[in-house]
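First up is the structure itself, then whatever we jot down about it.
The values are calculated or read from the model by the stated rules, or taken from the named source; none is laboratory data. The structure displayed is predicted, hence computed values, not measured ones. In this analysis, Cβ positions are derived from the backbone assuming ideal geometry, glycine residues included, and neighbour counts consider all displayed protein chains. Surface accessibility is based on the protein's heavy atoms, side chains included, excluding ligands, DNA and RNA. Shrake-Rupley method; radii C 1.70, N 1.55, O 1.52, S 1.80 Å.
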Amino acid sequence: MTIVLVVNSGSSSLKYQLIDMATESTLASGLIERIGESTGSVRHDRADAREEREQTVANHDDAFAAMLENFATFGPTLESTPPAAVGHRVVQGARRFFDATVIDDDVERNIEELSPLAPLHNPANLAGIRGARRVFPNIPHVAVFDTAFHTTMSDAASTYALNREVAEANRVRKYGAHGTSHKFVSEAAAEFLGRPYDELRTVVLHIGNGASACAVDGGRSIDTSMGMTPLEGLVMGTRTGDIDPAVLFHLHRKAGYTVDELDDLLNRKSGLYGLTGTNDVRDVTQRAAAGDARAQLALDVYVHRLRHYLGSYLVQLGGGDAIVFTAGVGENSVEVRRRTLEGLEWLGVEIDAERNQLPNDGIRVISTDASRVTVLVVPTNEEIEIARQTLATTGASAAE
Ligand SMILES: Nc1ncnc2c1ncn2[C@@H]1O[C@H](COP(=O)(O)OP(=O)(O)O)[C@@H](O)[C@H]1O
Ligand SMILES: CC(=O)OP(=O)(O)O
Ligand SMILES: [Mg+2]
């Protein structure tokens with residue numbers, strides 16, 4: 001049995017999975033949320049039981065300790081099912097890491113060095129890497145980069161029309177994120193449809209708390225909505241997505257905001273949260289249905305931006321074979337999917353109202369049989385993809 005432990009540290013969460021690679025079955029998984037806030041939550045799942053508790057988790061080091069405690073207390077213990085390798089999600093690899101990479105001190109330093117290009121994510125990823133390397137010093141640790149899938153983007157797609165010298169001196173360009181998910185779901189969609197991956201033109205809408213769109217042309221990312229950092233693009237739970245950069249000058253000059261305050265405002269106090277007071281699409285949808293005008297506007301803005309990118313990417317791809325919805329919102333929100341694709345029959349996109357209501361228990365088609373473009377919901381599983389790449393990178397076999 002070859003076991004891989006996957007650590008996915010987000011900006012305010014830590015997700016983990018212990019996976020038996022022979023069958024790709026999850027032996028245990030967990031989620032530690034609201035890190036750094038006054039009340040956090042800790043969850044640990046095994047096949048037959050769920051443990052859940054409220055617990056204040058001050059930082060990612062404490063979150064990592066909570067994960068170890070969960071394994072020790074609720075099992076399976078990491079002594080009884082020792083991992084052969086640990087796979088780490090790292091958001092920013094820039095133009096330094098094109099593939100999953102075995103972590104040594106030098107790689108760790110490089111990930112740290114790239115932190116300014118993903119300030120909410122790379123430091124959290126590093127805390128997980130350091131914690132895990134301390135606990136498991138004798139097994140390989142592999143970094144799987146969100147940006148790797150997007151390194152196929154052309155210069156036309158990834159260059160900002162910013163002064164060239166300034167951009168080059170500061171490594172300013174579009175790197176994208178969520179690539180592990182975009183790859184996993186676009187590949188799964190091709191397989192499900194029985195079509196060769198290298199022929200399919202797909203627009204993926206990964207809509208979770210963080211959200212991004214991606215145009216996948218024959219298995220290659222040709223454009224994506226996140227930019228130098230995961231702030232650009234779609235409207236997110238707490239992030240603005242696209243905004244006129246002059247808004248920042250204005251807020252600084254007229255209202256005295258400092259750079260750090262602007263960073264906090266755009267990354268943590270905006271998006272759905274900034275528009276309505278909650279970052280959760282379930283709450284926003286309920287409030288909108290009950291007549292709350294702010295929630296209605298927030299959903300309008302949210303969907304407007306999704307359609308903006310969908311249209312753009314269908315043009316970049318020269319037409320689309322498939323549109324894939326994934327992540328928390330994409331997999332669960334019947335309304336966001338319906339509204340995103342409303343009135344697109346002229347484009348060959350025809351959603352089936354009943355199929356759109358099917359429960360989220362696996363990959364499914366939600367377009368009509370007559371729809372020229374096939375619309376699918378594909379549950380993402382970044383952890384499985386990270387585990388696969390981790391194993392491939394270490395050269396170990398799944399059944400050892
Ligand atoms: N049933 C649902 N209907 C609508 N939105 C949902 C539902 N369940 C979860 N979500 C949304 O999914 C989000 C979390 O998505 P997820 O992909 O787990 O995000 P992340 O990985 O960025 O933390 C929640 O904030 C919520 O907005
Ligand atoms: C890159 C990013 O935004 O990740 P997440 O959706 O996990 O916050
Ligand atoms: Mg996510």
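Among the conditions (1) under 24 Å from ASP217 (Cα atoms); (2) free of Cβ contacts under 8 Å to residues at least 60 places away in the same chain, GLU382 misses just one, which is (2).
Output the residues belonging to the range 1-43 that are in a strand (DSSP E or B), more than 16 Å from ligand 2 (Cβ to nearest atom) and hydroxyl-bearing (Ser, Thr, Tyr).
SER25, THR26, SER41
Right, PRO379: under 29 Å from GLN17 (Cα atoms), within 16 Å of ligand 3 (Cβ to nearest atom), open to solvent by 20 Å² or more (accessible area, probe 1.4 Å) and part of a loop (DSSP other than H, G, I, E, B) or not? When the stated conditions are applied, PRO379 passes them. In the range 137-158 there is at least one residue matching the filter, namely being under 16 Å from VAL86 (Cα atoms) and within 16 Å of ligand 3 (Cβ to nearest atom).
Listed here are the residues, each with its yes/no results for (1) closer than 28 Å to ASN209 by Cβ; (2) assigned to a strand (DSSP E or B); (3) in contact with a helix residue (DSSP H, G or I) (Cβ under 7 Å, 6 or more places away or on another chain); (4) not aliphatic (A, V, I, L, M).
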| residue | (1), (2), (3), (4) |
| --- | --- |
| PRO116 | yes, no, no, yes |
| LEU120 | yes, no, yes, no |
| ALA124 | yes, no, yes, no |
| ARG130 | yes, no, no, yes |
| ILE139 | no, no, no, no |
| PHE149 | yes, no, yes, yes |
| ALA156 | no, no, no, no |
| GLU165 | no, no, no, yes |
| TYR175 | yes, no, yes, yes |
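Can you find a residue that is away from ligand 1 (no atom under 16 Å from the Cβ) and either charged (D, E, K, R) or over 22 Å from LYS174 (Cα atoms) (or both) anywhere in the range 282-289? So far as the range 282-289 goes, no, none of its residues is away from ligand 1 (no atom under 16 Å from the Cβ) and either charged (D, E, K, R) or over 22 Å from LYS174 (Cα atoms) (or both). When the residues of the range 268-289 are filtered to those that are among the polar types (S, T, N, Q) and under 20 Å from the mean Cα position of the chain (by Cα), the one that is modelled with the highest pLDDT is SER270.
Take the range 135-152 and flag every residue that is open to solvent by 10 Å² or more (accessible area, probe 1.4 Å) and touching a strand residue (DSSP E or B) at 6+ places or on another chain (Cβ under 7 Å).
PHE136, ILE139, PRO140, PHE149, THR152
Only one entry of ALA132, ALA157, ALA189, ALA161 meets the criterion of being of a type outside the set (S, T, N, Q), open to solvent by less than 10 Å² (accessible area, probe 1.4 Å) and within 26 Å of LEU310 (Cβ to Cβ), and that entry is ALA189. If the condition is being small (Gly, Ala, Ser), part of a loop (DSSP other than H, G, I, E, B) and within 16 Å of ligand 2 (Cβ to nearest atom), then the range 206-255 contributes GLY208, GLY210, SER225, GLY227, GLY233, GLY237, GLY241. Restricting the range 44-62 to residues that are in contact with a Gly (Cβ under 8 Å, 6 or more places away or on another chain) and not in a loop (DSSP other than H, G, I, E, B) leaves a set whose member that is least open to solvent (accessible area, probe 1.4 Å) is HIS44. Look at (1) in contact (Cβ under 8 Å) with a residue 24 or more places away in the chain; (2) open to solvent by 30 Å² or more (accessible area, probe 1.4 Å); (3) more than 16 Å from ligand 2 (Cβ to nearest atom) and you find that PRO119 fails only one, number (3). Whenever a residue of the range 330-359 is over 26 Å from ASN209 (Cβ atoms), it has no partner that is open to solvent by less than 40 Å² (accessible area, probe 1.4 Å) and among the aromatic types (Phe, Trp, Tyr) lying with C-beta atoms less than 7 angstrom away and at least six residues away or across chains. Which residues, taken from the range 164-186, are among the polar types (S, T, N, Q), more than 16 Å from ligand 1 (Cβ to nearest atom) and open to solvent by less than 20 Å² (accessible area, probe 1.4 Å)? Selection gives SER186 alone.
Contact map, the range 138-165: residues that are among the aromatic types (Phe, Trp, Tyr) paired with residues that are open to solvent by less than 80 Å² (accessible area, probe 1.4 Å), Cβ distance under 6 Å, separation 6+ or inter-chain. Pairs shown: PHE145/VAL90; PHE145/GLY93; PHE145/PHE97; PHE149/GLY179; PHE149/HIS182; PHE149/LYS183; PHE149/SER221.
Can you confirm whether the range 239-256 contains a residue that is within 21 Å of VAL329 (Cβ to Cβ), touching a strand residue (DSSP E or B) at 6+ places or on another chain (Cβ under 9 Å) and touching a residue at least 24 places away in the same chain (Cβ under 8 Å)? Within the range 239-256 (the criterion being within 21 Å of VAL329 (Cβ to Cβ), touching a strand residue (DSSP E or B) at 6+ places or on another chain (Cβ under 9 Å) and touching a residue at least 24 places away in the same chain (Cβ under 8 Å)), the answer is yes, since at least one residue qualifies.
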